[in-house]
Amino acid sequence: MKAISVFNNKGGVGKTTLLCNLAAFLAMQREKRVLIIDADPQCNATQSVFRDSTIDDIYTNDRFTIYQVVQPLAAGKGYSKRLTTRKSTTFGVDVIPGDPRLALTEDLLATDWSQATAGSTRGLRTTFLFTNLLQRCAGYDFVLFDVGPSLGSINRSVLLASDFFVSPMSIDIFSLKAIQNTAISFKKWRQQLDGGLSLNEEPAELEVQDVRWKLRFAGYVTQQYTAKTDATGQKRAVKAFDEIMQQIPHVIDANFLPLEENPLPKDRYELGSIPTLHSLIPMSQTGRKPIFDLKSADGVVGAHFSRVRDYSKTIGGIADRLLDNLGRLS
């Protein structure tokens with residue numbers, strides 16, 4: 001099983017859309033067993049893959065969500081032993097739904113992180129909350145975490161548990177700055193974690209099989225830009241976007257690759273590029289279906305069909321490049 005966080009320190013980059021469609025493609029077209037864990041208190045992934053009636057049932061009847069994973073630990077009862085997933089039939093994946101109450105645990109995770117860096121067993125146990133959860137997910141090929149854009153304590157615990165992260169990138173200067181912020185935080189977190197583990201005198205009490213920092217960069221996807229067809233028939237970003245696009249590999253090289261002990265060749269990290277999708281996204285959201293699986297019954301007409309085909313080819317290329325990168329990095 002490989003755990004992947006789809007993360008960017010900048011909001012509004014199309015993170016959840018990419019995650020849900022990538023997860024669905026791996027499940028439906030590459031026959032992988034995929035679990036989505038919605039660790040964003042805004043619950044966007046949950047809303048993307050389930051219909052309103054299912055969402056009403058989850059929250060009205062207090063069904064199993066990510067909060068039930070966290071709550072026993074927050075109450076001092078240790079790690080939860082429960083793991084109940086819910087199937088999204090349209091996306092072909094299992095899901096641990098998100099929960100707005102997850103935001104209430106931010107302070108707990110922040111406080112216990114301070115203790116963890118000093119070697120406290122309690123602090124480290126709280127920090128390894130999602131690492132412990134993943135030990136019960138061994139039946140899946142991939143677990144994909146949806147998270148918010150912050151570098152706060154919830155995301156830190158998720159990223160510490162993950163094997164890899166993928167960054168969706170909008171084409172603007174703020175996404176470039178977010179890469180720098182992320183690299184600085186990762187370097188600091190790893191140093192603090194290693195320091196805390198070296199001071200801890202009760203490793204057997206952590207109930208986690210692998211406490212090492214495992215997180216590796218698996219690639220990025222550029223999104224949300226205007227494209228035009230060039231003289232060769234290829235779609236390219238218009239000049240204003242293309243100028244920023246050309247900077248991304250250099251910023252990645254300067255910030256993320258120094259964190260890697262054995263980085264891939266630089267050109268392997270660009271997983272793919274998705275221009276603005278216009279009305280396909282609201283169609284997908286309304287129908288609770290992957291973009292590549294939209295049909296006429298979902299509102300697809302005219303030129304939309306070719307856009308759906310183009311997207312299917314693009315997300316397939318991203319999935320296959322990601323699988324190849326994971327194989328090389330593992």
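Rule-based calculations on the coordinates, nothing more; no lab input. All of these numbers come straight from a predicted model, not from anything done at the bench. Because the Cβ atoms are built from the backbone with ideal geometry, glycine has one as well, and the counts that use them run over all protein chains shown.
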Report summary line: Here the relative contact order (percent) of segment 1-69, from C-alpha pairs under 8 Å and at least 6 apart, is 21
Report task. With an 8 Å cut-off on Cα pairs and a minimum separation of 6 or more residues, tell me the relative contact order of the chain in percent. Result -> 23
Query - Candidates Ala254, Ala110, Ala23, ranked by Gaussian network fluctuation over the chain, Cα under 10 Å, top entry - result: Ala254
**Report entry** Contour excess over end-to-end distance, with Cα ends at Phe305 and Ser330 and 0.36 nm allotted per residue
**Finding:** 5.3 nm
Report summary line: Computed about the Cα centre, the charge dipole of the chain from +1 Lys/Arg and -1 Asp/Glu charges at the Cβ has a magnitude in debye, to the nearest 20, of 540
Requested in this report: May I have the pair-distance distribution P(r) for segment 1-85, computed from all Cα-Cα distances with 5 Å bins from 0 and rounded to whole percent?
Outcome: 3, 11, 19, 22, 20, 16, 7, 1, 0
Query raised in the report: Expressed in nm², what is the orientationally averaged projection area of the convex hull enclosing the Cα positions of segment 234-330?
Result: 8.0
Report summary line: tail above 14 Å in the computed P(r) of segment 101-150, as % of all Cα-Cα pairs, reads 62
Query - the chain, helix-only ellipticity at 222 nm - DSSP H runs n ≥ 4, -39,500 (n - 2.57), divided by all residues, nearest 500 - result: -13500 deg cm²/dmol
**Report entry** Greater than 25 Å apart at Cα, pairs in Lys32/Lys77; Lys10/Lys87; Lys10/Lys32; Lys289/Lys313; Lys2/Lys87
**Finding:** Lys32/Lys77; Lys10/Lys87; Lys10/Lys32
Report summary line: Note, Gly78: beta-carbon cut-off 10 Å, +1 each Lys/Arg, -1 each Asp/Glu, net +2
Query raised in the report: With a sphere of radius 15 Å drawn around the Cβ of Thr90, what net charge do the other residues whose Cβ falls strictly inside it have (Lys, Arg +1; Asp, Glu -1)?
Result: +2
Report task. Return the label of the correct value of Cα extents along the principal axes in Å, as calculated from the structure shown, out of [x] 65, 47, 30; [y] 82, 40, 35; [z] 61, 47, 38. Result -> [x]
Query raised in the report: Over segment 113-228, what per residue volume does the convex hull of the Cα atoms give, in whole Å³?
Result: 107
Query raised in the report: For Arg122 and Phe174, what is the calculated FRET efficiency with R₀ set at 41 Å and r taken between the beta-carbons, to the nearest 0.05?
Result: 0.65
Query raised in the report: Computed FRET efficiency, Cβ-Cβ of Thr286 and Asp242, R0 41 Å: what is it to the nearest 0.05?
Result: 0.80
Report summary line: Summed over the other residues with a beta carbon less than 11 angstrom from that of Lys214, with K and R at +1 and D and E at -1, the charge totals +2
Query - Equivalent ellipsoid semi-axes - Cα gyration tensor, segment 1-157, angstrom - result: 25, 17, 16
Report summary line: Extension length gain for Thr85 and Tyr59 (0.36 nm per residue less Cα distance), in nm, is 7.9 nm
